[in-house]
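Heads up: the structure comes next, in structure tokens.
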Amino acid sequence: MSDITVWAPGRVNLIGDHTDYVGGLVLPMAVQLGTTVTAERDEDGPGPGRLVLRSDRLDGTVDVELPVVDAAGVEPAWGRYAAGVAQELGATVGLDGTIRSDLPIGGGLSSSASLEVAVALALGAEGTPLEIARLCQRAEAAATGVPCGIMDQLAVAAGVDGHALLIDCSTDEVTPVRVPDAAAVWVVDSGQPRELAGSEYPLRRAQAEAAAEIVGALPHASMADVEAIDDPVLRARARHVRTECDRVRAFAAAVAAEDLVRAGELMVESHRSLRDDYEVSTPVLDDLVEQLVATPGVHGARLTGAGFGGCVVALADRGIRLPGTRVRPTVGATVFWD
Ligand code: GLA
């Protein structure tokens, strides 16, 4: 038996949404809010053990036999993320513990990726941050059926203190980008909950893939080819991905040059593109972005993550106060053994 404590952060995406699953660019950062798993691992047990987990905020206890064979059928539903990880790992060593989280659930700060990475490490997963992230991405798809990209799990597993991560999702190469001292990143909850399961996320992914069938890899397609796509919906989806990748690159350069004004403009353009071309915003998110952008000291704001509700992210001068949570770029997941 050994006692372990594992912590994994959530993430906020500064720019580059709905680009990861088509090999585009993203720029998330791990934040100081996250998920803690405190558990006992039963390495000396006689045979395959059980995965038993309680949550400080969600009802029900997950209690499944290892190895897990049907994560998607586990109750309570929040336990599917943990069970999915155990299934992908083929875990057989029993784990009994408690999950605590200070991330808003369904807020677009990757509470599920944070839970997955924490559970993976608690179950003894080994490997590079990219390997852990890929395992958790597969777990999420197995558990919920949602074909998510790699951004959330990789941001959670590979966070670097004081930095956002420029990720090229065609190679999974991660380049840390320092967040300037003069900048503050705020997350403001719209109060409109969203869940990827049951959302139009899979439809958006299918539309982006259909557009890529016509013009080739969207991040590198020519704008002329994109504008020549016949179907107006596919054309708009392709236009978003293509222009968003340019914005991510320009944003990383602006942040490196400490040009917060330019970085903020790019965030606002990104929000418009997600609203008009990708149609993943909501009137509540649009209003919030508008209010934030009109606030002195705020350089830009946009929806963050999948959209359809959840949080808005704002880039502001350090020192001003906004009605939300200030998030700081922090390290990725960690394990402590007693
Ligand atoms: C969710 C998914 C990510 C990514 C974002 C949109 O957070 O899990 O893979 O696709 O939506 O950028």
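Could you grab the relative contact order for the stretch 2-176? Cα pairs under 8 Å, six or more apart, rounded to a whole percent.
With pairs under 8 Å counted, the relative contact order is 29 percent.
Distance in nm between label sites at Glu213 and Ala182, each 7 Å beyond Cα in the beta-carbon direction?
If labels sit at Glu213 and Ala182, their model points lie 4.8 nm apart.
Given the Cα atoms of the chain, and with Rh set as the inverse mean 1/r over their pairs in the Kirkwood sense, what is Rg to Rh to two decimals?
0.98
Could you work out how much longer the chain between Asp317 and Ala206 gets when fully extended? Use 0.36 nm per residue separation minus the Cα distance between them, nm to one decimal.
That works out to 36.1 nm of additional length.
When you count, for each residue, the other Cβ atoms within 10 Å and take the mean per peptide, how do 187-193, 328-334 rank with the highest first?
Ranking, from highest mean packing down: 328-334, 187-193.
Let me check against my output: what whole-number percent is the relative contact order of the chain, with C-alpha pairs under 8 Å and at least 6 apart?
25 percent
So what's the stretch 179-337 giving for Cα Rg divided by 2.2 N^0.38 Å, two decimals?
Ratio of Rg to 2.2 N^0.38 Å for the stretch 179-337: 1.12.
So between Arg272 and Thr175, what do we pick up on full extension, going 0.36 nm a residue minus the alpha carbon distance?
32.3 nm
What are the semi-axes of the equivalent ellipsoid of the stretch 2-176, taken as the square roots of 5 times the eigenvalues of the Cα gyration tensor, listed largest first and rounded to whole Å?
Taking √(5λ) for each Cα gyration eigenvalue gives 27, 16, 15 Å.
Just add up the charged neighbours of Gly106: K/R +1, D/E -1, any other residue whose Cβ is under 11 Å from the Cβ of Gly106.
Here the charged neighbours net out to -1.
State, as an integer percentage, the relative contact order of the stretch 179-337 based on alpha-carbon contacts under 8 Å between residues 6 or more apart.
Over the stretch 179-337, the number comes to 36 percent.
Assuming R0 = 30 Å, what is the FRET efficiency of Arg100 and His220, from their Cβ-Cβ distance, to the nearest 0.05?
In this case the efficiency is close to 0.10.
Using packing as a proxy for protection, rank 85-95, 2-12, 60-70 so that the peptide with the highest average count of other Cβ atoms within 10 Å comes first.
Those peptides, ordered most packed to least, come out 2-12, 85-95, 60-70.
Values quoted throughout were computed directly from the atomic coordinates according to the rules given, and no laboratory measurement underlies them. As the structure is a prediction and not an experimental result, all values here were calculated from the model. Cβ coordinates were reconstructed from backbone atoms using ideal geometry, including for glycine residues, and neighbour counts include every protein chain displayed.
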